[in-house]
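Below is one structure, written out as structure tokens, with a few remarks after it.
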Amino acid sequence: MDSSRQALAQAQEVAQQFDLAPGHGSVRFVLHDLGTGLPVEDHSQDAVVDMFASFHLTTAQARQRFFADVERSLSPGGLYCVSLATDLDGYYRTCPQVGQIPMGQQQVPIVRDEAAGIDNILPTEHQFLTDVALHSSLELAMFWRKPARNTMHGTEYPRLTLTTVWQVGENGVPREVKS
């Protein structure tokens, strides 16, 4: 699911390389704006995988709606896996700041990826973990950092991706994230 036809076309090319073409039942590609909610039934998904998608939701309201929708869509015991760049990422740190978004008691930069023409949040790890915890009852199950050197828009950068896995909580009460 993506709001970019170009991104979906690239995903379809990769899927074909792995014999996961649409129609085989394993992959479905959907053009959709995540800011308008997830087009799935309540408690119908065992997992929601967010690869740099919520990273582009740059208003507090859109982020709150998205996390509520993720939680609504997950089945009992369901998992939410999210990867995003943090303030330590070598590429996104070079992008110009175009605004800020409140996360808890702090302001988080919004940066513009000018090559892609899209804005992104750039939180610290703690700010991101707190953001999810404050806006859902999902419980953090695990997280890890993936350092790498990758090429973005023709230039190599040191990259640092944060990946987290959250699980539908038993008691429905958001947990405080401690630093």
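For Thr36, work out the one condition from (1) surrounded by 15 or more Cβ atoms within 10 Å (Cβ to Cβ); (2) more than 24 Å from Val165 (Cβ to Cβ) it doesn't fulfil.
Against the list (1) surrounded by 15 or more Cβ atoms within 10 Å (Cβ to Cβ); (2) more than 24 Å from Val165 (Cβ to Cβ), Thr36 comes up short only on (1).
Tally up the residues in region 72-97 that are in contact (Cβ under 8 Å) with a residue 40 or more places away in the chain, within 20 Å of Ala133 (Cβ to Cβ) and of a type in the set (Gly, Ala, Ser), please.
4
Checking Ala62 against (1) in contact with an Asp or Glu (Cβ under 6 Å, 6 or more places away or on another chain); (2) surrounded by 15 or more Cβ atoms within 10 Å (Cβ to Cβ): exactly one of these is not met. Which one?
Every condition holds for Ala62 apart from (1).
Could you tell me whether Val132 is outside any loop (DSSP other than H, G, I, E, B) and either hydroxyl-bearing (Ser, Thr, Tyr) or touching a residue at least 60 places away in the same chain (Cβ under 8 Å) (or both)?
On the way: outside any loop (DSSP other than H, G, I, E, B): yes; either hydroxyl-bearing (Ser, Thr, Tyr) or touching a residue at least 60 places away in the same chain (Cβ under 8 Å) (or both): yes.
Considered against the rule, which asks whether it is outside any loop (DSSP other than H, G, I, E, B) and either hydroxyl-bearing (Ser, Thr, Tyr) or touching a residue at least 60 places away in the same chain (Cβ under 8 Å) (or both), Val132 comes out as yes.
Condition check: without any contact (Cβ under 8 Å) to a residue 60 or more places away in the chain and among the hydroxyl-bearing types (Ser, Thr, Tyr). Does Thr36 satisfy that?
Yes.
Take the residues in region 87-124 that are under 11 Å from Thr59 (Cα atoms) and touching an Asp or Glu at 6+ places or on another chain (Cβ under 7 Å), then tell me which one is surrounded by the most Cβ atoms within 10 Å (Cβ to Cβ).
Per the stated criteria, the residue is Asn120.
May I ask you to say which residue of Val82, Val14 is outside any loop (DSSP other than H, G, I, E, B), surrounded by fewer than 16 Cβ atoms within 10 Å (Cβ to Cβ) and β-branched (Val, Ile, Thr)? Full working, then the answer.
Working: Val82 fails: surrounded by fewer than 16 Cβ atoms within 10 Å (Cβ to Cβ).
Answer to the check: Val14.
Criterion first (in a loop (DSSP other than H, G, I, E, B) and not polar (S, T, N, Q)) does Ala47 satisfy it?
no
If a residue has to be modelled with pLDDT of 80 or more and over 18 Å from the mean Cα position of the chain (by Cα) to count, how many in region 16-42 make the cut?
Of the residues in that region, 4 qualify.
From the list Gly117, Gly99, Gly78, exactly one residue is of a type in the set (Gly, Ala, Ser) and at pLDDT below 90. Which is it?
Gly117
The values are calculated or read from the model by the stated rules, or taken from the named source; none is laboratory data. All values derive from a computational prediction rather than experimental measurement. Cβ: placed from backbone, ideal geometry, glycine included. Neighbour counts: every protein chain shown.
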